[in-house]
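Structure, as structure tokens:
The values are calculated or read from the model by the stated rules, or taken from the named source; none is laboratory data. Everything numeric in this text was worked out from a predicted model, so none of it was measured. Neighbour counts are summed over all protein chains in view; Cβ atoms, including those assigned to glycine, are modelled from backbone coordinates with ideal geometry. Ligands, DNA and RNA are stripped out before the accessible areas are found, and what is left, the full protein with its side chains, is counted by its heavy atoms. Shrake-Rupley method; radii C 1.70, N 1.55, O 1.52, S 1.80 Å.
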Amino acid sequence: VQLVESGGGLVQAGGSLRLSCAASGRTFNTYAMAWFRQAPGKEREVVASITQSGRLTYYRDSVKGRFTISRDNAKNTVYLQMNSLKPEDTAVYYCAGSFGGTYIDFRKYEYWGQGTQVTVSS
């Protein structure tokens, strides 16, 4: 399984970005997906996750009400819509896949994309 992120970039505070993660293979709907981020000198942290069906989602407190995770199993793609961006959202964003459930621990995810940089200027 290969995951390829896109959609990162430079945006001013208050702006929006939409990240996409395209997965190869025909088993996309059998694994839960998540977005993580890692800022320089900090540990990788979960941003949001979504179950295989898309019915259940999780968000870390700092992004609730601003970010939305979704998936399109017909297109093998998971999205992260990011609104009202803040400078503290600056990080490399990674999508990850797990054949188990959704987890906040990055070590439980088997598949990872290469990451996409998101930079929010103040």
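Brief remarks on what is shown
- Put simply, of Gln2, Gln38 the only residue that is closer than 14 Å to Gly113 by Cα and at pLDDT below 95 is Gln2.
- Flag if Ile104 is modelled with pLDDT under 95 and of a type in the set (A, V, I, L, M, F, W, C): yes
- The single residue among Thr102, Thr77 that is without any contact (Cβ under 8 Å) to a residue 60 or more places away in the chain, surrounded by 15 or more Cβ atoms within 10 Å (Cβ to Cβ) and under 21 Å from Thr27 (Cβ atoms) turns out to be Thr77.
- Annotation: Ala23 fulfils all but one of (1) open to solvent by 70 Å² or more (accessible area, probe 1.4 Å); (2) more than 12 Å from the chain's Cα centre (by Cα); (3) under 15 Å from Gly115 (Cα atoms); the unmet one is (1).
- The one condition in (1) exposed (fewer than 14 other Cβ atoms within 10 Å of the Cβ); (2) of a type outside the set (A, V, I, L, M, F, W, C); (3) at pLDDT 95 or above; (4) within 19 Å of Gly8 (Cα to Cα) that Arg55 fails to fulfil: (4)
- Single match in Arg66, Arg37 (criterion: farther than 19 Å from Phe99 by Cβ, open to solvent by less than 60 Å² (accessible area, probe 1.4 Å) and touching a residue at least 40 places away in the same chain (Cβ under 8 Å)): Arg37
- Matching residues in the stretch 80-93 - criterion: being open to solvent by 40 Å² or more (accessible area, probe 1.4 Å) and touching an Asp or Glu at 6+ places or on another chain (Cβ under 9 Å): none
- Some residue of the stretch 7-16 being modelled with pLDDT of 95 or more, under 14 Å from Ala91 (Cα atoms), under 12 Å from the mean Cα position of the chain (by Cα) and crowded, with 20+ Cβ neighbours inside 10 Å: no
- Strands (runs of 3 or more DSSP E) wholly inside the stretch 39-122 containing at least 2 residues that are closer than 20 Å to Ala23 by Cα: 45-50, 67-72, 77-82, 91-98, 116-121
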